[in-house]
1. What are the residues in the stretch 219-239 that are more than 14 Å from F155 (Cα to Cα) and either touching a strand residue (DSSP E or B) at 6+ places or on another chain (Cβ under 6 Å) or polar (S, T, N, Q) (or both), if any?
2. Report, by residue number, each residue of the stretch 447-473 that is open to solvent by 20 Å² or more (accessible area, probe 1.4 Å), under 15 Å from H414 (Cβ atoms), in a helix (DSSP H, G or I) and in contact (Cβ under 8 Å) with a residue 12 or more places away in the chain.
3. Determine which single condition G199 fails, assuming it passes every other condition in (1) more than 21 Å from L94 (Cβ to Cβ); (2) not in a loop (DSSP other than H, G, I, E, B).
4. Please go through the stretch 74-89 and give me each residue that is assigned to a helix (DSSP H, G or I) and more than 22 Å from G114 (Cα to Cα), ordered by number.
5. Given the criteria on the phi > 0 side of the Ramachandran plot and at pLDDT 95 or above, does Q300 qualify?
6. Restrict the check to the stretch 164-183 and report whether at least one residue is within 16 Å of V135 (Cα to Cα), crowded, with 16+ Cβ neighbours inside 10 Å and not hydrophobic (A, V, I, L, M, F, W, C).
Amino acid sequence: QLRRVEYIKETVRQGNGLDADRNLTQEAMERGWECLARFGERIAGFKPSQVRAVATQTLREARNRDVFLAKAKQILGFPIEVIAGREEARLIYLGVSHLLPQSAERRLVVDIGGRSTEMILGQHETASTLESYRVGSVGWSMKYFPDGLWTASSFKAAEIGAKAVLDEAQILFSKDQWDRCYGSSGTVGAVSDILSAAGWPEGQVTRDGLAWLKERLLKAQKIENLRLDGIKEDRRPVIGGGLAVLQAVFDLLQINEMHAAQGALRHGALYDLIDRESTHDVRSSMVDSLAQRFGVDKLQADRVSKTAQMVLSSMLAKTDAGMDGDRQRLFKKLHWACQVHETGMRISHSDYHKHGAYILDNTDLTGFTLDELHRLSQLVLGHRGKLRKLESELEDLSFVQQLMALRLAVILCHARRDPDLSGLHFECNAARRTAQVNISAEWAELWPQSAHLLREEKSAWQKTGWTFGVNLD
């Protein structure tokens, strides 16, 4: 269970720091770094398994996100995961459903954020339909109310623009598919607070309430003139864009009443973090599903995985770290790479590793961050062939150890049968960037093709900064 002991929130609004070329401005990056420095001080000393930091639409869009993230991770002291739109939607639903009473009702959850809007259909704690649309309170306020002026014509244009983006939602989230509608955080929470302060039913947003609020904004005409109880100062500049998007959602999906939910993305991210440490990691089932979809030879995948795990275990045997959470995650992600390393076979037999990497870099896999999928894609890309294509990744010691274990496992399982490992011994010194495999003479004579392939592997690691040796005992 989650129990809140402290809550810290800052509005950074990086979304309005994207320039015309979709690059974060230096000022926007500085705001983000300064916020993360304050948060980093508060969570200093936490274990990595107890912290989760996620980035959403603004960093999905930003062309220079790597520049921001490199320094951001250093300042925070923990990894920051950029999550895909549908993954954001899944986590939102997870957070909302955990904080709602148990019910068999079919739920529609809507979350209007700064630069994206997520919609989810689900029942109990399981989401069935997930979508993310590029429309949000910050983006729409900047586009349709750039001078902070609210007019009837600008509201009309903003609502029409939002409906154009959300058009397909009419089919995916039609009224006959849900019993009750919930709004999560952001705009819905702000509108609900304003309406409650004005005497409307608490925790509810209705069509009449939206019309009343819109009329108040039109009468005020601009931000400085707005006098409303229940609105936070940081919400004033974006309330117009958020209201226009919310009105468009009500109109398109024929919503009459929306209930403000307590759960949100942050709750879902934490519940998912708990699940990852248990036996219910959704990512494992997603990997199995992808492998099945592309007709992967399950027996070979398991064979390669078992061999790679043994090789990696042998490589790490002399390190100081025990079988802690970090070590377990290394083995888990190596297993996933083994399960999908042949996904590209459906497309091409000779270049299947390239196609497999492309598939992983361009697919939505529930539970995975974009960085996690890219790392998997690079393991698949590098499991055979030359290694110069992975030059930047080879600076990551744990990645190299995983990759080396995968490559050796593929070599040893080349005949698509269980390999004989009795005459082999693997060693790795990450600090010196050296690794070697010791082969007994009897084993080399018994398995000449495998011995030949292992010797060939030595040349593959030349010019990589790593030394790989093969010794014949």
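The values are calculated or read from the model by the stated rules, or taken from the named source; none is laboratory data. The structure displayed is predicted, hence computed values, not measured ones. Note that each Cβ is placed from the backbone with ideal geometry, even for glycine, and that neighbours are counted across all protein chains shown. Keep in mind that these areas ignore ligands, DNA and RNA; they rest on the heavy atoms of the full protein, side chains included. Shrake-Rupley method; radii C 1.70, N 1.55, O 1.52, S 1.80 Å.
1. Initial filter on the stretch 219-239 (more than 14 Å from F155 (Cα to Cα)): 223-237.
N225, the sole residue that qualifies.
2. At the first step, the residues of the stretch 447-473 found to be open to solvent by 20 Å² or more (accessible area, probe 1.4 Å) are 447-449, 452-453, 455-456, 458-460, 462-465, 467, 470-473.
Now drop any that are not under 15 Å from H414 (Cβ atoms), which leaves 447-449, 452-453, 455-456, 460.
Subsequent filtering for residues that are in a helix (DSSP H, G or I) retains 448-449, 452-453, 455-456, 460.
Answer for the stretch 447-473, where residues must be open to solvent by 20 Å² or more (accessible area, probe 1.4 Å), under 15 Å from H414 (Cβ atoms), in a helix (DSSP H, G or I) and in contact (Cβ under 8 Å) with a residue 12 or more places away in the chain: Q449, L453, R455, A460.
3. So G199 meets the others, but not (2).
4. Keep residues of the stretch 74-89 that are assigned to a helix (DSSP H, G or I), which gives 74-76, 85-89.
If the condition is that a residue be assigned to a helix (DSSP H, G or I) and more than 22 Å from G114 (Cα to Cα), then Q74, I75, L76 are the ones that fit.
5. Details: on the phi > 0 side of the Ramachandran plot: no; at pLDDT 95 or above: yes.
So Q300 does not fit the description; no.
6. yes
For every residue, the table says whether it meets (1) part of a helix (DSSP H, G or I); (2) of a type outside the set (S, T, Y).
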residue: K219; (1), (2): yes, yes
residue: G242; (1), (2): yes, yes
residue: F250; (1), (2): yes, yes
residue: A260; (1), (2): no, yes
residue: S285; (1), (2): yes, no
residue: D288; (1), (2): yes, yes
residue: G295; (1), (2): no, yes
residue: A308; (1), (2): yes, yes
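Table: residues versus (1) touching a helix residue (DSSP H, G or I) at 6+ places or on another chain (Cβ under 8 Å); (2) surrounded by fewer than 17 Cβ atoms within 10 Å (Cβ to Cβ); (3) free of Cβ contacts under 8 Å to residues at least 40 places away in the same chain; (4) not in a helix (DSSP H, G or I).
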| position | (1), (2), (3), (4) |
| --- | --- |
| V400 | yes, no, no, no |
| A405 | yes, no, no, no |
| I411 | yes, no, no, no |
| H414 | yes, yes, yes, yes |
| D418 | yes, yes, no, yes |
| L421 | yes, yes, no, yes |
| E427 | yes, yes, no, yes |
| R432 | no, yes, yes, yes |
